[in-house]
Amino acid sequence: MELDPVLLSRIQFAFVVSFHIIFPSFTIGLAAWLATIEGMSMATRNPVYRRLFDFWLKVFALSFAMGVVSGIVMAFQFGTNWSALSERTGSIQGPLLGYEAFTAFLLEASFFGIMLLGRDRTPPWFYFFSCCMVALGTMLSSYWILCNNSWMQVPLGHTIVDGKLIPDDWKAILLGPVQRIRWPHMLLGAFLTTSMCVAATGAWHRLRGTAWEESRVMLDWGLGLAAVLIPAQILLGHLAGDIVHKYQPAKFAAIEARWHDEQPAAEVLVGWPDEATGRNLYALSIPRLGSFIATGTWDSKEVGIDSFPVQDRPPVLIPFWTFRIMVGMALVMMAISWGGVLLRVLGRLEDERWFLWLAFLSFPTGFVAVLAGWFTAEVGRQPWVVYGLLRTKDAVTPSLSTPMVLASLAGYILVYSLIYAFGVVYFYRLMRDGLTRRTQPAAGYGLNTEPVQ
């Protein structure tokens, strides 16, 4: 494999965006969680909600700061590594990124300081309002980013003037059929990520014998929200797949590892796509299921990868497996959340330590699902950076050389390794020590009160 500036720039951007997306996928849901428990604190005067708010606010502040820093660094690369992309598409992508700053960042910057420092300086209603505005700002930020990415995935509402992509229908760009599915899909992914982290934190404290009341709230709210959201997320995921099937047939064929046209089409559950020979090794497949998943019928003809010119074919191995990892994480979240709700109904949730361990160990499932989904979308889009209009190799900065990108990539890896290592340690200490008040459970909990050592 030749390490040319295009490949290295792709690796660099993938490295940076993979670190960055971890934080928005967590803080979007966490901001909504903070606003919710602040509202519950006002409505019920229950001190448990205040203690939970103070704990999660620290986690949110650190996550938010690291997300902003990594996002700014990521945006720099549009000028350093992808200037041809900026020149060709700047009249569309520039305003979208600008709208994010003018709306989302404005709300977050205006009200986040009140969340951190204004508890005793503002009326309770205004403090709650500030929490809601920060939550709205995080969701608006995801909206504009998804507008940008959805347009790159399926470009709509543009015209070409002197080789440049110019907007001519902002409604199609902002509210097109692709955006209407992909943005809610991303939002629910963020909410699920947060809900699993909240439930895992509750399980952790329950296992340690600390923060009895707070851990019960976190378990109930985290598992309950995930149980409600996961069916909707699976449905949105299917609708997103319909969009890929309609607008990006080569990507769809790569996700399915379908090398040749099939009628009816089988569904490859697992296997090892061998791009050298154009076949799947060790494949486990179900006849006709591929047609049903794609069209809802059992006998539709589905296109294979060899139907596309070689230069237009995406990689197969990565989107094939990342898609299945994403689906697998969704099934794990569904099993744990529904199982937790069932145990709560039976009054056995706190007694089943095996389940508490499962709930605790499930905290990465949302992050893994979000990362796997983005890799599926982005790798499957290749060789296009703007699908069907601008190839990735034509979007890179012309003056880039291999040593230049190697140096910047090495710098990113070094700095991110140091910063994120300290961040992970601090996150761990916050999660471990943030709720250490030991209390006895209320009557009827039926718990083992011995803490885990």
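Assorted remarks:
- The fraction of Cα-Cα pairs per 10 angstrom bin, counted from 0 for region 179-313, comes to 12, 29, 24, 19, 13, 4, 0 percent, rounded to whole percents.
- Environment charge at LYS58 (Cβ cut-off 11 Å; Lys +1, Arg +1, Asp -1, Glu -1): -1
- Contour minus Cα-Cα distance for THR44 and ARG180 (0.36 nm per residue): 45.4 nm
- P(r) of region 266-373 over all Cα-Cα pairs, binned every 5 Å from zero, in whole percent: 2, 10, 14, 16, 16, 13, 10, 8, 6, 3, 2, 1
- Built amide H within the under 5 Å cut-off of ARG391, gap 5+: VAL385
- Averaging the sequence gap over all C-alpha pairs within less than 8 Å and six or more residues apart, then dividing by the number of residues, gives the chain a relative contact order of 20 percent.
- Relative contact order of region 89-206, defined on C-alpha pairs under 8 angstrom at six or more residues apart (%): 27
- Charge context of SER150, other residues only, Cβ under 11 angstrom, K/R +1, D/E -1: +2
- Our coupling estimate for region 423-429, obtained by passing each phi through the Karplus curve with A = 6.51, B = -1.76, C = 1.60 and θ = phi - 60°, is x, 5, 4, 5, 4, 4, 5 Hz, Gly and Pro reported as x.
- Cα point-scatterer Debye curve for the chain, base-10 log of I(q)/I(0) at q = 0.08, 0.10 Å⁻¹: -0.52, -0.81
- Report note on the peptides 232-244, 206-218, 36-48: ranked by the mean count of other C-beta atoms within 10 Å, highest first, their order is 206-218, 232-244, 36-48.
- Computed [θ] at 222 nm, helices only, for the chain once each DSSP H run of length n ≥ 4 contributes -39500 (n - 2.57): -23500 deg cm²/dmol
- Distance between the C-alpha centres of region 357-373 and region 228-247: 19 Å, rounded to the whole angstrom.
- Label point 7 Å beyond Cα of THR103 along Cβ direction - residues of region 128-153 with amide nitrogen under 13 Å: 136-148
- Net charge in the neighbourhood of VAL386 (other residues with Cβ under 13 Å of its Cβ; Lys, Arg +1, Asp, Glu -1) is +2.
- Karplus (6.51, -1.76, 1.60) ³J(HN,Hα), θ = phi - 60°, over region 332-343, in Hz, Gly and Pro reported as x: 5, 4, 5, 5, 6, 5, 5, x, x, 4, 4, 5
- Rh (Kirkwood; distinct C-alpha pairs) - region 1-90, Å: 15.6
- Heavy-atom surface analysis with a 1.4 Å probe gives the chain a carbon and sulfur content of 69 percent of its accessible area.
- Straight-line cross-link partners of LYS251 among the aspartates and glutamates, defined as a Cα under 17 Å from its Cα and at least 8 positions apart when in the same chain: ASP242, ASP261, GLU262, GLU267, ASP274, GLU275, GLU302, ASP306, ASP312, GLU378.
- When you count the other C-beta atoms within 10 angstrom of each residue and take the mean per peptide, 301-307, 225-231 line up highest first as 225-231, 301-307.
- Taking the inverse of the mean reciprocal distance over all distinct Cα pairs, the Kirkwood hydrodynamic radius of region 1-151 comes to 16.9 Å.
- With Cα atoms defining each centre, region 322-344 and region 119-174 are spaced 30 Å apart in the structure.
- Per residue value of the accessible surface for the chain (all protein chains in place, 1.4 Å probe), Å²: 46
- Solvent-accessible surface (1.4 angstrom probe) belonging to CYS197, in square angstrom, nearest 10: 10
- Amide H to amide H distances under 5 Å link VAL270 with LEU284, where only residues 5 or more positions off or on other chains count and H is placed in the peptide plane.
- For region 120-200, the calculated P(r), taken from all Cα-Cα distances in 5 Å bins from zero up to the bin holding the longest distance, is 3, 13, 16, 15, 14, 12, 10, 7, 5, 3, 1, 0 percent.
The values are calculated or read from the model by the stated rules, or taken from the named source; none is laboratory data. Because the structure is predicted, anything quoted here is derived from the model rather than measured. Methodologically, a virtual Cβ is constructed for each residue, glycine included, from the backbone with ideal geometry; neighbour enumeration extends over all protein chains shown. Note: areas computed on protein heavy atoms with side chains; ligands, DNA, RNA excluded. Shrake-Rupley method; radii C 1.70, N 1.55, O 1.52, S 1.80 Å.
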